[in-house]
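First comes the structure, then the notes that go with it.
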Amino acid sequence: MTNDRLPDDLRALGRELDVRPLDEEALVTRVVSRLPAQVPSARTAGVLRRRPSVVIAIGIAVLLALALTPPVRAVVTSWLEYGGVLVRTGPVSESPTQPPSDQPGLTLAEGRELVEFTPVVPERLGAPRRVEVSADRRLLSMTWGSGENTVRLDQFDGRLDPMFIKTVARDDPAAYVGLANSTGLWLSSPHALVLLDADGTERTESARTAGPTLVWQVGAVTLRLEGPGKREAIAIANSASSGTR
Amino acid sequence: MEAAERGTIARVRAGDRDAYADLVRRHAADAHRTAVFLGAGADAEDVVQNAFLKAYRALSTFRDGAAFRPWLLSIVANETKNAVRAGKRRRVDGEAGDLPDPAATDPAGSVLSAERRTELVDAVRGLPDKQRRVIVCRYFLELDEQETATVLGWPRGTVKSRLHRALRRLRALLVEPPSSTPEATP
């Protein structure tokens, strides 16, 4: 039966996929001409290892900056990934707006212990009223205020697997906004929000409608701020000190 | 092959750039296939170039005697992720993963029917990201379990379990007549 042939068929398929041949000599020339003068013999790995991610972070910032014309340009694409937040267009149906609070409240110090990144607390907000860490310890959430005025800040290591999917209406796309030291992503309308587990599976029980949200990054950490209007959100983001180790 | 490669790496470490050129030549095609299958698309050549440059700089961390190819391909896999995450890919149809189409081959030269190729490629494209990556590594790049673990940066047990789930999902996606034969071992 075809089931039994699946592994072999997959291998055969792999051999038949169309891969444009690579000009190897051109590649060799490009690589060799760009090799650094420093010989890779000694254990200088500590410094060298850190540099590539800085280069990439700057690279992304440059790419985003190039995409901006003042004041703000809407992102015209059907799919965008920003620091572990995936934004796609699609139907946005009504659903409850409050996230289920199934984790115990913690102190900020306790929250810091549980996650593997250094959390960022924007100075403008001060100490949070409530801190929670997800069961898989990937997501740290802080809230200020209550009810209608709740401000919610989620944060996680944006270098790892994506954490959120936001679904926005087609005519209300996300837009890049300039921050003091970087570029953030602003979603101005309510949109569908769902959490992903480390495997990429959508946690359907987490699905809800999120209000206007600002997403930005501080070093390796991606932050998602929900509650304040755009101007205030930007001010809050600009008051966030570096969370890098 | 192993001993010759260790010698080459030793020469690179001593500053011999021609030796690195040899290393690049030897692994270029594999690196390129890896980048393409993991979704680099039109950026594959840049990804490969960047990966070789990073590998050179990181060579001091490369453990003597370890297998070079999976180590290199893990760097390629990371660079592919970076290229994709940088948002350079303007996704036209929201599809994650840019697996190329099967080449137009003479039907006599192909092991699979055109129908089977299409349904397989569609099914693999439809897998969640991590499941697709393990299928790509184990079957398209024909890496063994340990090599796959290195390239994807996962524990071996995770490779096993994700592969198992991926195959189960593929079987569910593919139109099958009911079968009473036991599940084949991947």
*Among A:Thr204, A:Gln217, A:Met163, flag the residue with its Cα farthest along the positive direction of the charge dipole of region A:117-245, charges on Cβ as +1 for Lys/Arg and -1 for Asp/Glu.*
A:Gln217
*Rolling a 1.4 angstrom probe over the protein heavy atoms, how many square angstrom per residue are accessible across region A:72-214?*
47 Å²
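Which shape class, rounded, prolate or oblate, goes with region B:109-157 when its Cα gyration tensor gives a ≥ b ≥ c as root eigenvalues, a/c under 1.5 marks rounded, and past that a/b bigger than b/c marks prolate? Please list the in-between numbers first.
Numbers: a/c = 4.26, a/b = 1.85, b/c = 2.30.
In terms of gyration-tensor shape, oblate.
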*asked:* Give the lysines reachable from A:Lys230 as a straight Cα distance under 20 Å; neighbours fewer than 8 places away on the same chain don't count.
replied: A:Lys166
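At the nearest 100 Å², what buried accessible area, both sides summed, do you get for A and B when the probe is 1.4 Å? Please list the in-between numbers first.
On the way: alone 15520 and 11300 Å², together 21100 Å².
By this definition, chains A and B bury close to 5700 Å².
Across peptide B:157-167, how many C-beta atoms of other chains are within 10 Å of each residue C-beta, on average?
Per-residue shielding by partner chains comes out at 1.
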*asked:* Residues of region B:13-28 losing 30 Å² or more of accessible surface, assembly versus chain alone, probe 1.4 Å, please list them.
replied: B:Arg13, B:Arg17, B:Val24, B:Arg25, B:Ala28
*Rounded, prolate or oblate: which fits region A:165-245, taking a ≥ b ≥ c as square roots of the Cα gyration tensor eigenvalues, rounded meaning a/c under 1.5, else prolate when a/b beats b/c?*
oblate
*Which lysines, on any chain, are close to B:Lys160 with Cα under 19 Å apart, when same-chain ones fewer than 8 places away are left out?*
B:Lys130
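Can you give the mean number of other chain Cβ atoms that lie within 10 Å of the Cβ atoms in peptide B:52-62?
On the way: counts 7, 6, 5, 2, 9, 10, 5, 5, 11, 7, 2.
Mean inter-chain Cβ contacts per residue within 10 Å come to 6.
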_Whole-percent carbon and sulfur share, accessible surface of region B:110-180, 1.4 Å_ = 51 percent
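The values are calculated or read from the model by the stated rules, or taken from the named source; none is laboratory data. Predicted model, so just to flag it, every value in this text is computed and none were measured. With ideal geometry, Cβ positions are generated from the backbone for all residues, glycine too; neighbour counts draw on all protein chains shown. Note: accessible area is taken over every heavy atom of the protein model, side chains too, but ligands, DNA and RNA are not part of it. Shrake-Rupley method; radii C 1.70, N 1.55, O 1.52, S 1.80 Å.
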